[in-house]
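Report on one structure; see the data block that follows.
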Amino acid sequence: MQRLQKLIAEAGYCSRRKAEELIKQGKVFVNGQKITELGTKASFADEILVDGHLIESEEKQYFLFNKPRGVVCTTKDEKGRKTVLDFFGDVNTRIYPVGRLDYDTTGVLILTNDGDFANLMMHPKSEIDKFYVAKVEGIVTKEEIKVLKKGVKIEDKKIYPTRIKLKKIDKKSMTSIIEITIHDGINHEVKKIMKSIGHEVIKLKREAFGFLTLGNLKSGEKRMLTHKEVKQLYNMAVNK
Ligand code: URA
């Protein structure tokens, strides 16, 4: 048994908040009985009608997407920019991204209609490693890398990258390539980490989320995760 508003949202009918409104407005019926109390519990075995629509359990779907540059991760953009959902027009369910990549960041992004899975993946305690390759302005020194290994303070939190490596320096263009793995969920984290040692990120790509890599997926392409992959991600998060 679950809260009615959670079931309605899980079925992909609308958001949990909207479902709460509909319940309060007396538009929800369970087994023929009008429900107006928010704490009411039910299950998909019950007949749930919202505004006359029958609510049924929805198959959970999980996607791996290679996010292109110049695309936002919000489901709607007030500036009318392209969103990741524009690439999922053929998917017949209300999915959303697990966490965010910046407008100009490319690479691995998971999208799903499974809210519990998404929350688990995003929870800092799950400590899922995310591996990025960053091109930054200026020549990064080994000393600077040592500073980052000792941890830097970002938003009052000491951040320790799981792994950080200076991969390449280019004295001609005065840029450096850094490989960095982090497991926290702070917004713009890589950019903030690199800025803390005085280097702006020019290009950023997420190469892996846990064990999931892009493989043959080209920019803007997606594929469904296998049952095994979803299970592995769950296990990684709950065994932390
Ligand atoms: N860190 C960033 O700075 N940006 C991203 O998009 C992801 C991680």
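The values are calculated or read from the model by the stated rules, or taken from the named source; none is laboratory data. Since we're looking at a predicted model, the values are computed, not measured. Counting neighbours? That spans all protein chains shown, and the Cβs are built from the backbone with ideal geometry, glycine included.
Within region 52-85, the set of residues being over 20 Å from Asp114 (Cα atoms) and surrounded by 12 or more Cβ atoms within 10 Å (Cβ to Cβ) comprises His53, Pro68, Arg69, Val71, Val72, Asp77, Arg81, Lys82.
Residue-level check: of (1) touching a residue at least 24 places away in the same chain (Cβ under 8 Å); (2) within 11 Å of the ligand (Cβ to nearest atom); (3) more than 18 Å from His123 (Cα to Cα), Lys195 misses just (1).
Within region 152-165, can one find any residue that is modelled with pLDDT of 95 or more, within 15 Å of the ligand (Cβ to nearest atom), under 17 Å from the mean Cα position of the chain (by Cα) and outside the structural domain of Ala118 (by TED's automatic domain parsing)? Looking for residues that are modelled with pLDDT of 95 or more, within 15 Å of the ligand (Cβ to nearest atom), under 17 Å from the mean Cα position of the chain (by Cα) and outside the structural domain of Ala118 (by TED's automatic domain parsing), one finds none in region 152-165, hence no. Checked against the criterion of being under 24 Å from Thr181 (Cα atoms), touching a residue at least 40 places away in the same chain (Cβ under 8 Å) and not in a loop (DSSP other than H, G, I, E, B), region 86-103 contains not a single residue that satisfies it.
Restricting region 114-151 to residues that are assigned by TED's automatic domain parsing to the domain that holds Gly220 and free of Cβ contacts under 8 Å to residues at least 40 places away in the same chain, the residue that is nearest to the chain's Cα centre (by Cα) is Ala118. A count restricted to region 63-80 and to residues that are touching a residue at least 40 places away in the same chain (Cβ under 8 Å) and polar (S, T, N, Q) stands at 1.
Only a single item in (1) more than 17 Å from Leu204 (Cβ to Cβ); (2) within 16 Å of the ligand (Cβ to nearest atom); (3) outside the structural domain of Glu78 (by TED's automatic domain parsing) is not met by Leu111, and it is number (3).
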